[in-house]
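To start, the structure under review is shown below, and the notes come after it.
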Amino acid sequence: MKKILFIAALLSPFTFHLSPCHAQSDPVILEVGGRQIRQSEFMKDFRQSVGDNLSAKHGVSEAEKRAALDEYVELYANFQAKYLDALAQGLDTAADLRKELSRYRKDLAAPYLIDSVALSSLLHEAYERNRYSLHAAHILVRVNSDATPEDTLAAYNRAQELYQRVKAGEDFYAVAREEVLRLNAEAQVHPNEGELNCFTVFEMVYPFENAAYALQDGEISQPVRTQYGYHIIKLFERSEVYGRATIQHIWLRSSANKIAIERIYNLLENGTSFESLALQSEDLSTARTGGYINDASMGQLPHEYVVEIAKLQEGQYSKPFQSRYGWHIIKVVKKEQIPPYESMVSYYKQRMARDQRGNASRKLFAENSRKKYGIRDLTTTPVADKTKAKGKKKSKKPAVMMASLDEITALLNDTVFRGKWKYQDSMFHDLRPLVTTPDKEYNVIDFAKYIKSHQRVEIPASILFYVQMRYDEFLDSVTVAYVDSQLEKEYPEFAEVVDEYRRGLMIFNYNEKMIWTKAINDSVGFSKFYARESAKKSLQNPDDSLFFWRTRARIVDFTVADSLCLDPDKAIKIVKKGLDKNLASTEIRDMLVKKVNSKRCKNADPVKFTIELVEQGRKAPLADDQWERGVYAYPNGKGYHLLMVQNVIAPCLKAQMEARGYYLSAWQNEVEKELCESLRAQYKVKINYDALRKIAF
């Protein structure tokens, strides 16, 4: 399925018109619905999808190349038939497709609507910063971006006061906490108020990011203004770590566990597996599965972990280290390395299109584009001065512009600062163009519409200043809209990518309607398919293993928080007795609770239990010799676990609903095969195998 969608993103539906002479050297390879597809068109797409990669491999035989070509032509024929049927069903004009295509085109166009020199500088800056994760904290003095000058100055002075205090040595977190409580005495605060853990590029607003990356380890920044207020940033440490990592960890919560963590480390050094030692970890969510934390971003991990990850190579583990959470040992299973710059550019461009750092380069782009495309701002274009004619004195009067904003300035009032300004077209009489592009003129009514749609609640300001600010935005938006409309003409590669996406999206919607959804909804057909296919499966065939359950066990995990509450040997006897009598899990739990030493136990809920059905070989908590009815114990921090195996289920075929996901793909493939056979007959698909056999690549 994915292979066909990949082809869908590449194939072109347009016919190439060739001269008779050219046609002889460019034979027809395929005919679908009366449309002839010649070798040049077919091979262009084949090479992009399969051929070039295959040819680049060392030792590929001609037979392998021939097989790839034969497979591709069948997929290509199916795609072309689907495409014609999708057109016949009107899927190319569907509202959902147009909406999705518009959203995709907007993202794709964004990098073209920004100054290239400024963009290049910002891209390289982002790449260099992306090599590092910063561990930092901040103190925030809140002030709105539209605050009055008086409020802004007061916030700045407060930020300067706090900056001087922390520079003089006051505890950074304590000052951050004080500032939070100053604004709201009831606020929830933490001992490490202002802690940001680790972050990298694009994860903070741009002015904050700039200030943070400019700091040295241990340095504190001057107050930095963002839309949230003034930040005082302290950089604790810069670690050379990019992206995400998969690790294993052992965590003992108490800071008094230094001896215990060192004992575990010594066992690790002597060859004990990390997985078995992870059972002693007090992170119960990972202890029984080898201590794994999969695909975590640096911002999701304590900064102490990030520092250790930076030091370690894949497969290495750390020495014991302490954090505010306790004691830890980590092992790096996998960590991402930053890809080459060229591989990151596309991602950075998309992030930058929605990021504050792009504003300056977008402004410069608009100014340059007005010169390039002859877009005129007539409010700054003077009327020709006739007094310059020979023999006449030059007029000393101020220059008169070809258009004016005076009328809309007079009509605007303070309601615009409450987001409630209204107007009627008939209110305007001066309809001279304000802006002209090569294909359109914009007058004061267009500008009024822009103001109405962009007004919001804000601090009142001078109407004259407000009009000029909004007009500058309007002028830039008109400019960018025109350039955007020319992208397909000016950049053929842009037009090609947009059209590829349109065709791919159309085929995706077609497959969803005619194959995937249809297969899911056909419960009768699926039941027949399951009955037929499941009968062919064999437990002895390794390829069929997914369709069978391995040996399974129903286990009850009784967790005793502290051995002081209940002696382990006594608890094992109780659980075994309950198992022998086939008592319910709740009854056994109650028997354990009754034997708890209330004088020595300080836990409010000393015994808990969970029930689960586990499968052998699927990270189950049972050892190889424990897959039989019985009770098995292992330590857990101060307490222990008792695993009661109630019963063991022999390997068996998965029922229809249990294996639905495994059969569904094959069922959808069968539905697709039947559809393609029907379409190939309907659209009279013909493949010229003689011409195909002569192709060499």
Name the residue that is nearest to the chain's Cα centre (by Cα), counting only residues in the stretch 654-672 that are buried (at least 16 other Cβ atoms within 10 Å of the Cβ) and not in a helix (DSSP H, G or I). Ala659
Test Pro621 against the criterion of being touching a Ser or Thr at 6+ places or on another chain (Cβ under 7 Å) and touching a residue at least 24 places away in the same chain (Cβ under 8 Å), and give yes or no. no
Could you please find all residues in the stretch 247-259 being surrounded by fewer than 16 Cβ atoms within 10 Å (Cβ to Cβ) and either touching a residue at least 24 places away in the same chain (Cβ under 8 Å) or under 17 Å from Asp283 (Cα atoms) (or both)? Arg253, Ser254, Ser255, Ala256, Lys258
For Lys577, the lone unmet condition from (1) in contact with a strand residue (DSSP E or B) (Cβ under 8 Å, 6 or more places away or on another chain); (2) modelled with pLDDT of 95 or more; (3) farther than 25 Å from Glu282 by Cβ is (1)
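Please indicate, with yes or no, whether at least one residue in the stretch 615-625 is small (Gly, Ala, Ser), touching a strand residue (DSSP E or B) at 6+ places or on another chain (Cβ under 7 Å) and modelled with pLDDT under 95. Break it down into steps so the answer makes sense when it comes.
Within the stretch 615-625, the first condition is being small (Gly, Ala, Ser), and the residues that meet it are 617, 620, 623.
This time we only want the ones that are touching a strand residue (DSSP E or B) at 6+ places or on another chain (Cβ under 7 Å), so: 620.
Next, from what is left, pick out any that are modelled with pLDDT under 95: 620.
Yes.
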Does Asp476 meet the test of being closer than 26 Å to Ala109 by Cα and surrounded by 15 or more Cβ atoms within 10 Å (Cβ to Cβ)? yes
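Output the number of residues of the stretch 122-158 satisfying the condition of being assigned to a loop (DSSP other than H, G, I, E, B) and within 30 Å of Ser297 (Cα to Cα). Walk me through it before giving the result.
Pass one, the stretch 122-158, residues assigned to a loop (DSSP other than H, G, I, E, B): 130-132, 143-148.
In the following step, the residues that additionally are within 30 Å of Ser297 (Cα to Cα) were identified as 130-132.
Residues in the stretch 122-158 being assigned to a loop (DSSP other than H, G, I, E, B) and within 30 Å of Ser297 (Cα to Cα): 3 in total.
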Give the residue that is nearest to Arg376 (Cα to Cα), with candidates limited to residues of the stretch 440-489 that are modelled with pLDDT under 95 and of a type in the set (Gly, Ala, Ser). Ser462
Residues in the stretch 488-513 that are surrounded by fewer than 17 Cβ atoms within 10 Å (Cβ to Cβ) and out of contact with any Leu (no Cβ under 7 Å at 6 or more places or on another chain): how many? 11
Among the numbered criteria (1) in contact with a Lys or Arg (Cβ under 7 Å, 6 or more places away or on another chain); (2) modelled with pLDDT of 95 or more, which one does Ile572 miss? (1)
Does Arg680 satisfy the condition of being surrounded by 15 or more Cβ atoms within 10 Å (Cβ to Cβ) and either in the same structural domain as Leu579 (by TED's automatic domain parsing) or in contact with a strand residue (DSSP E or B) (Cβ under 9 Å, 6 or more places away or on another chain) (or both)? yes
Has the stretch 347-360 got any residue that is surrounded by fewer than 18 Cβ atoms within 10 Å (Cβ to Cβ) and modelled with pLDDT of 90 or more? no
Count of residues meeting criterion [under 30 Å from Pro460 (Cα atoms) and not in a helix (DSSP H, G or I)] in the stretch 159-173: 0
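A quick yes/no check of all residues on (1) touching a Pro at 6+ places or on another chain (Cβ under 9 Å); (2) under 22 Å from Asn521 (Cβ atoms); (3) at pLDDT 95 or above:
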| position | (1), (2), (3) |
| --- | --- |
| Lys638 | no, no, no |
| Gln646 | no, no, yes |
| Ala659 | no, yes, no |
| Ser665 | no, yes, no |
| Leu679 | no, yes, yes |
| Gln682 | no, no, yes |
| Lys686 | no, no, yes |
| Asp690 | yes, no, no |
Qualifying residue in the stretch 463-471 (condition: closer than 23 Å to Val400 by Cα and within 34 Å of the chain's Cα centre (by Cα)): yes
Within the stretch 624-655, can you find the residues that are free of Cβ contacts under 8 Å to residues at least 60 places away in the same chain and either in contact with a Leu (Cβ under 8 Å, 6 or more places away or on another chain) or not charged (D, E, K, R) (or both)? Gln626, Arg629, Gly630, Val631, Tyr632, Ala655
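Suppose we filter the stretch 525-566 for residues that are assigned to a loop (DSSP other than H, G, I, E, B) and either touching a helix residue (DSSP H, G or I) at 6+ places or on another chain (Cβ under 9 Å) or surrounded by 14 or more Cβ atoms within 10 Å (Cβ to Cβ) (or both); how many remain?
Going through the stretch 525-566 one residue at a time, the tally reaches 12.
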Mind telling me which of the residues Ser102, Ser49, Ser121 ends up being more than 30 Å from Tyr230 (Cα to Cα) and without any contact (Cβ under 8 Å) to a residue 12 or more places away in the chain? Ser102
Please find, within the stretch 163-222, the residue that is surrounded by the fewest Cβ atoms within 10 Å (Cβ to Cβ) out of those that are β-branched (Val, Ile, Thr) and under 30 Å from Gln350 (Cβ atoms). Val205
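Which residues, taken from the stretch 606-646, are of a type outside the set (Gly, Ala, Ser) and either assigned to a loop (DSSP other than H, G, I, E, B) or not assigned by TED's automatic domain parsing to the domain that holds Leu579 (or both)?
Within the stretch 606-646, Pro606, Gln616, Arg618, Lys619, Pro621, Leu622, Trp627, Glu628, Arg629, Lys638 meet the criteria.
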Consider Val117 against the criteria (1) among the β-branched types (Val, Ile, Thr); (2) within 30 Å of Asn197 (Cβ to Cβ); (3) assigned to a helix (DSSP H, G or I): it satisfies all of them except one. Which criterion is unmet? (2)
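The values are calculated or read from the model by the stated rules, or taken from the named source; none is laboratory data. These numbers were taken from a predicted model, which means no experiment stands behind them. Note that each Cβ is placed from the backbone with ideal geometry, even for glycine, and that neighbours are counted across all protein chains shown.
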